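Taking it in order: structure first as structure tokens, then the write-up.
Taken together, the values in this text are just the output of simple stated rules run on the coordinates, not laboratory data. Predicted model only: the values in this text are computed from it and were never measured. Glycine also receives a Cβ, built like all others from the backbone with ideal geometry; neighbour counts cover every protein chain displayed.
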Amino acid sequence: MNSATDKVRVLPADSLYLAWMDCRGLGLDAEALDKFMLTKARLWLDKGQKFGTEGHGYMRANLGCPRSTVDEALSRLLSAVG
């Protein structure tokens, strides 16, 4: 059985407030991934393809917010992916 971390993986980063997520494990094209995040996970993230073709299948989250907001986003994402 696949876990959420098999489907969405946060990449190591130098930045303290931006997180890149590899969402290719969800098997969705760029448009479907954006729709999934907006409607199922209820998260508005930066689309990876906004940063070039190598960004397809990735999303970028801004973590420069209160910890409670990050916790809520993580909870929504885990529910949607799980």
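Rounded to the nearest whole Å³, what is the per residue volume of the convex hull around the Cα atoms of the chain?
So the per-residue Cα hull volume is 91 Å³.
DSSP loop (so not H, G, I, E, B), at most 12 other Cβ within 10 Å: list which chymotrypsin sites (Phe, Trp or Tyr not before Pro) in the stretch 1-39 pass both filters.
Qualifying residues, ordered by number: Y17.
Contour minus end-to-end for R42 and S15, with contour as 0.36 nm per residue of separation and end-to-end as the Cα-Cα distance?
7.3 nm
Describe numerically, in nm with one decimal, the distance between label points set 7 Å from Cα along Cα→Cβ at S68 and at L28.
Between S68 and L28, the simple spin-label model gives 2.7 nm.
With springs only between Cα atoms under 10 Å, which of R60, R42, R24 fluctuates most in a Gaussian network model of the chain?
Among R60, R42, R24, the largest mean-square fluctuation in the Gaussian network model of the chain belongs to R42.
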